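Following: one structure in structure tokens, then a few remarks.
The values are calculated or read from the model by the stated rules, or taken from the named source; none is laboratory data. Source: prediction; values computed, not measured. For neighbour counting, all protein chains shown are included, and Cβ atoms are generated from backbone atoms with ideal geometry for every residue, glycine included.
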């Protein structure tokens, strides 16, 4: 059997990151043992090089590796999103590692790069086997990262819950894929769609799709597979939590869109109903359970469940406009969430300070810049003007109304109002409660830099959303 043809230009970004990940492990082992900042620079440079190789591919359409990997605007959009997220997380990690004296620094950055490679594969493949390989590469790397505080009981608890529940989710997904392959004899999504075109008895495939959806629901933190999220977000190192909240979720949504829209359009009526229930449950459970939280990371964990619900509204609508809204929402959410976690890291960087919302008391007096930016991020997460958070919800809810699901858009709007309570609570602590210390809060330059980048992006997109809206629409062309 001849080997599949490989277009190395199309696979260039993934190959660069693979080489950089292996290089990080080797130079940490033999040359720069524990040289945290130098290793971080190598990681960021590798991600920037991968992004520089990815951007020119926007607008190109083609395949490589035996037609299992696809290059199209949809894949490029998600690749750039996860590359940006990974780069910002590495920048945030350097000072965090220095403070907490984490060991095996090279392996830490290498795992971030391996997870990023897995996410890039997930967003750029139309083959079930490659989707699963990308998913497992991402998952295994994230399991390791979540437990990087080896001596912290909360981190150990987080990684055990994440690992065990993740295994179950992966098993369900693979079981579903086996049903699909057994019935159609295919793993490539367009061939699966062709095989199902004239079939009458599709119960086995429906079961396979259901099992696969269960696995993806875990990865995107959707109800009823959300139980792992609060404990893992709280126990994992905070930069890793920031990464888990955006990267794997974005890639899982990308893979899910390809599977459903390309492979199983004949089952649209069934999976749209499932997404409606999952969206409603995720929005309400996420927002209502976020209200009583006293830990900022747990609050943002439940917030992420609610945001998964908003995104699932787009999948329930299943139109091209809705998918464009989903892409827009994901890109904006990455910026907002990483910015919010950068502020959390800055506040917790002070000795003796944790991740409780009470630790934000009087932040406006000790660090006005952090207080202002955190307010912007909270307003953006609630989907309020003049921030970018408004536009993600506007385009998804607008698409729902156009398809007659106005009541689903109304429920989403109601949940946005509910979320204002706990987002405003953070602002109340920063501006209306007295600080525990009168000393100014010293913020590391790396944290401040990420906060500046993200808050400016959130405000600029909020004022001028058209370029990102256009990019999202081009990338979603053909979906729905």
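Reported count of residues in segment 185-195, each being more than 17 Å from residue 213 (Cβ to Cβ) and surrounded by 19 or more Cβ atoms within 10 Å (Cβ to Cβ), is 2.
Of the candidates 296, 291, 276, the single residue that is under 12 Å from residue 418 (Cβ atoms) and in contact (Cβ under 8 Å) with a residue 24 or more places away in the chain is 291.
Residue 288 falls short on exactly one of the conditions (1) more than 15 Å from residue 226 (Cβ to Cβ); (2) modelled with pLDDT of 90 or more, and that condition is (1).
Screening residue 49 against (1) touching a residue at least 40 places away in the same chain (Cβ under 8 Å); (2) farther than 30 Å from residue 348 by Cβ; (3) in contact with a helix residue (DSSP H, G or I) (Cβ under 6 Å, 6 or more places away or on another chain); (4) surrounded by fewer than 23 Cβ atoms within 10 Å (Cβ to Cβ) leaves a single unmet condition, (1).
If the condition is being surrounded by 15 or more Cβ atoms within 10 Å (Cβ to Cβ) and closer than 24 Å to residue 230 by Cβ, then segment 354-369 contributes 355, 356, 357, 359, 360, 361, 363.
For every residue, the table says whether it meets (1) without any contact (Cβ under 8 Å) to a residue 12 or more places away in the chain; (2) within 15 Å of residue 118 (Cα to Cα); (3) not in a helix (DSSP H, G or I).
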| site | (1), (2), (3) |
| --- | --- |
| 18 | no, yes, no |
| 21 | no, yes, no |
| 41 | yes, no, no |
| 54 | no, no, no |
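Residue-by-condition table, conditions (1) within 21 Å of residue 261 (Cα to Cα); (2) surrounded by fewer than 22 Cβ atoms within 10 Å (Cβ to Cβ); (3) touching a strand residue (DSSP E or B) at 6+ places or on another chain (Cβ under 9 Å):
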position	(1), (2), (3)
68	yes, yes, yes
72	yes, yes, yes
78	yes, no, no
117	no, no, no
121	yes, no, yes
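Would you call residue 198 modelled with pLDDT under 85 and surrounded by fewer than 15 Cβ atoms within 10 Å (Cβ to Cβ)? So residue 198 passes the test. Take the conditions surrounded by fewer than 24 Cβ atoms within 10 Å (Cβ to Cβ), touching a helix residue (DSSP H, G or I) at 6+ places or on another chain (Cβ under 7 Å) and over 30 Å from residue 144 (Cα atoms) and apply them to residue 277. Does it pass? Taking the combined requirement at face value, the residue does not satisfy it. Residues satisfying the criterion are absent from segment 112-129 (criterion: more than 30 Å from residue 184 (Cα to Cα), free of Cβ contacts under 8 Å to residues at least 40 places away in the same chain and either out of contact with any helix residue (DSSP H, G or I) (no Cβ under 7 Å at 6 or more places or on another chain) or part of a helix (DSSP H, G or I) (or both)). Counting the residues of segment 248-276 that are modelled with pLDDT of 90 or more and more than 22 Å from residue 170 (Cα to Cα) gives 1.
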